[in-house]
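Enquirer: Dropping the structure in here first, questions after.
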Amino acid sequence: MTIYDLVITNGRILDGSGNPWFRGDLAVQQGRIIEIAPVGTRQGRQTIDVADRFVAPGFIDIHTHSDLSILVNRRAESAVRQGVTTQLIGNCGMSPAPLEEAYISEMRRQWGPISEQPEVTWEWHSFKQYLDTLQDGGLGINIASLAGHGALRIAAMGLDERAPTSSELKWMKELVDEAMQAGAFGMSTGLVYPPGCYATTDEIIAVCQVVSRYHGMYASHIRGERETILEAVSEAIRIGREAGVPVQISHNAPKFGAPCDASANLRLVEDARSMGQDVTVDNDVHTDLAPALVDGLPQEIQDLPANQIANMLQDPERRRMIRNEIVEDRKPAFGPVGLLKHNQWHRITMLHAPKSLNVIGKTIQAVADERGSDPFDTYFDLIVENGHEAEAIFDYIDETNIRLLLQHPAVMISSDGQVLAPYGFLNDPIPYQPCSYGEYPGVLERYVRNEPLLSLQEAIRKMTSFPAQRLGLRDRGVLREGAWADIVVFDLERLHDRATNLYPHTYPFENYPHQYPEGIDYVFVNGVMVVGGEGHTGALPGCVLRHQSKY
Ligand SMILES: [Zn+2]
């Protein structure tokens, strides 16, 4: 009888296809699933009896921002502990490559303080060199990457607020061609962030035509997820149609200020699909985000040094103009700004403010009431007092929309988070990113077990085979003979997300600092145990996945 490398025995297998579980053993050899067999019939050098727990494909997180944090924490702690075995990076228009020598400082500014970490060497230039850098140091999970349109644009023309010249556009197309050849899965845009917000639809179509030649996809943080959400979804669909690329609409929950609920944007997706266009959607299930307060300022000033921003905000005339610009929102700003525009100060809860410690845990409305000042002025004052270090939790998504998206067959689950760890640089200061620690266990705990909004097999499909299909990964996201052994074993009864904090927040915040979830008992990546027993095993069996243009 063959002795396999690994046998996972006595499990309830959810194969990722959306079918209900069945009992069986998985036999793994050289990183792949070799056999799925009746319980107790196969032998391994290592045999793990999972005692009737669920065995599923490792989760594939199709929307993350781990591009630099995975360099700082190659173990991929917060991701793999929640059962994620593959992440897609390069989202929302930003990837660390290609990198042009002349614009390194712009790129560093875009990525913030993590840019200065010793592991982030900025020694790559081409997309291929960046992917090689990822692979060379070892990875706890598999990583697939998109080329960010913002990075291409910065490499070709810096952060200029104008259209590219014809030679700059040609350069962007050459750079995306090189990225696709190196194995990028497509291109992303972030059309509310600089420099994506300066790009016209036609510019994006022109660059996507190159992506189309390689059968890559177009993923977009659309041009406004609030007042302009329907126009913005339509633009993404048009780009896909005219460039001939499948479209992934990223984290598509309508944010506060949208004129409609999620059924309206989903209807546009359904209409496009019924016309024969391949459009899909992903979404995260948290109602909040915790950006720096400066991120709510108009795009062109938010990256300035803190003292310059403080000077502007201390000039009453400039302050008035900035306030008008935020409220007018002519170049749609990112989602949380809807709370500023619509005076929702009770939905903004202070998280970090090293120079104004007594405001932490209070809403900006409450701070304004205490100080006897206007809440918009209080928002500006907190920036003047604390610079880029002022951060708040913005509750800007209605959970009704999260439910509508979760139940729609064309919507997959993503975190919109990044690899974090409760130690080292990635925990200093302690970030508020429940999605980075608890997205997948949270969905299973809250929306499958506690309130059966989704069946278990449907939730697993949205976490595994569906994102794999979107990426063209034919041998991941399913438990099948021949597939790579990316596997998660979990106990649905014990599953508990210890990172999510529900609105309205009370201070001290529950589940913050975040902890790893309970009930994710084993995680295997390419057949190697990364989580099991005492936690992370330290193994780094992950691969950089490279897009195959024929699948
Ligand atoms: Zn985004």
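The values are calculated or read from the model by the stated rules, or taken from the named source; none is laboratory data. The structure presented is a predicted model; accordingly, all values stated were derived computationally and were not measured. We place every Cβ from the backbone using ideal geometry, glycine too, and count neighbours over all the protein chains shown. We work out accessible area using only protein heavy atoms, side chains counted, and drop any ligands, DNA or RNA first. Shrake-Rupley method; radii C 1.70, N 1.55, O 1.52, S 1.80 Å.
Enquirer: Please work out which residue is farthest from the ligand (Cβ to nearest atom), limiting yourself to the range 187-202 and to residues that are part of a helix (DSSP H, G or I), open to solvent by 10 Å² or more (accessible area, probe 1.4 Å) and of a type outside the set (Val, Ile, Thr).
Expert: Asp202
Enquirer: Could you list, in sequence order, the residues of the range 280-327 that are polar (S, T, N, Q), buried (at least 17 other Cβ atoms within 10 Å of the Cβ) and modelled with pLDDT of 95 or more?
Expert: Those that are polar (S, T, N, Q), buried (at least 17 other Cβ atoms within 10 Å of the Cβ) and modelled with pLDDT of 95 or more: Thr280, Asn283, Thr287.
Enquirer: Right, here's the next one. Taking the options Gly240, Gly244, name whichever one is free of Cβ contacts under 8 Å to residues at least 60 places away in the same chain, open to solvent by 10 Å² or more (accessible area, probe 1.4 Å) and either among the charged types (D, E, K, R) or under 19 Å from Arg273 (Cβ atoms) (or both).
Expert: Selected residue: Gly244, the only one of Gly240, Gly244 that is free of Cβ contacts under 8 Å to residues at least 60 places away in the same chain, open to solvent by 10 Å² or more (accessible area, probe 1.4 Å) and either among the charged types (D, E, K, R) or under 19 Å from Arg273 (Cβ atoms) (or both).
Enquirer: Of everything in the range 203-226, what is outside any loop (DSSP other than H, G, I, E, B) and charged (D, E, K, R)? Give them in sequence order.
Expert: Across the range 203-226, the qualifying residues are Glu203, Arg213.
Enquirer: Something else: Does Thr287 satisfy the condition of being closer than 27 Å to Trp345 by Cβ, away from the ligand (no atom under 14 Å from the Cβ) and among the polar types (S, T, N, Q)?
Expert: Considered against the rule, which asks whether it is closer than 27 Å to Trp345 by Cβ, away from the ligand (no atom under 14 Å from the Cβ) and among the polar types (S, T, N, Q), Thr287 comes out as yes.
Enquirer: Within the range 166-186, does at least one residue satisfy the condition of being open to solvent by 60 Å² or more (accessible area, probe 1.4 Å), part of a loop (DSSP other than H, G, I, E, B) and not β-branched (Val, Ile, Thr)?
Expert: Looking through the range 166-186, none of the residues is open to solvent by 60 Å² or more (accessible area, probe 1.4 Å), part of a loop (DSSP other than H, G, I, E, B) and not β-branched (Val, Ile, Thr).
Enquirer: For Gly417, are the conditions met, namely being touching a Lys or Arg at 6+ places or on another chain (Cβ under 8 Å) and either on the phi > 0 side of the Ramachandran plot or at pLDDT 95 or above (or both)?
Expert: no
Enquirer: Can you tell me which of Pro113, Pro98, Pro118 is more than 16 Å from the ligand (Cβ to nearest atom) and surrounded by 23 or more Cβ atoms within 10 Å (Cβ to Cβ)?
Expert: Checking each option against the conditions leaves just Pro98.
Enquirer: What tally of residues in the range 528-551 results from selecting those that are open to solvent by 20 Å² or more (accessible area, probe 1.4 Å) and over 20 Å from the mean Cα position of the chain (by Cα)?
Expert: Residues meeting the conditions: 14.
Enquirer: I'd like the full set of residues that are outside any helix (DSSP H, G or I) and either at pLDDT below 95 or more than 16 Å from the ligand (Cβ to nearest atom) (or both), limited to the range 227-255.
Expert: Glu227, Gly244, Val245, Pro246
Enquirer: Continuing with this model, one more query. Quick one: is Asp25 open to solvent by less than 30 Å² (accessible area, probe 1.4 Å), acidic (Asp, Glu) and under 26 Å from Ser220 (Cα atoms)?
Expert: The answer is no for Asp25.
Enquirer: Separate question: Given the conditions (1) touching a strand residue (DSSP E or B) at 6+ places or on another chain (Cβ under 7 Å); (2) farther than 18 Å from Ile143 by Cα; (3) not small (Gly, Ala, Ser), report the number of the one that Pro504 does not fulfil.
Expert: (1)
Enquirer: Let me ask something else. Given the condition open to solvent by 30 Å² or more (accessible area, probe 1.4 Å), more than 16 Å from the ligand (Cβ to nearest atom) and more than 27 Å from His388 (Cβ to Cβ), answer yes or no: does some residue in the range 101-108 qualify?
Expert: No, the range 101-108 has no match at all.
Enquirer: So which residues in the range 48-74 are of a type outside the set (A, V, I, L, M), away from the ligand (no atom under 16 Å from the Cβ) and buried (at least 17 other Cβ atoms within 10 Å of the Cβ), if there are any at all?
Expert: Those that are of a type outside the set (A, V, I, L, M), away from the ligand (no atom under 16 Å from the Cβ) and buried (at least 17 other Cβ atoms within 10 Å of the Cβ): Arg53, Phe54, Pro57, Gly58, Phe59, Asn73, Arg74.
Enquirer: Now, a different point. Only residues that are within 16 Å of the ligand (Cβ to nearest atom) and more than 11 Å from Gly257 (Cβ to Cβ): list them for the range 332-359, please.
Expert: Result: Phe334, single match.
Enquirer: In the range 444-466, what count of residues is obtained for those that are in a loop (DSSP other than H, G, I, E, B) and open to solvent by less than 10 Å² (accessible area, probe 1.4 Å)?
Expert: Of the residues in that region, 1 qualify.
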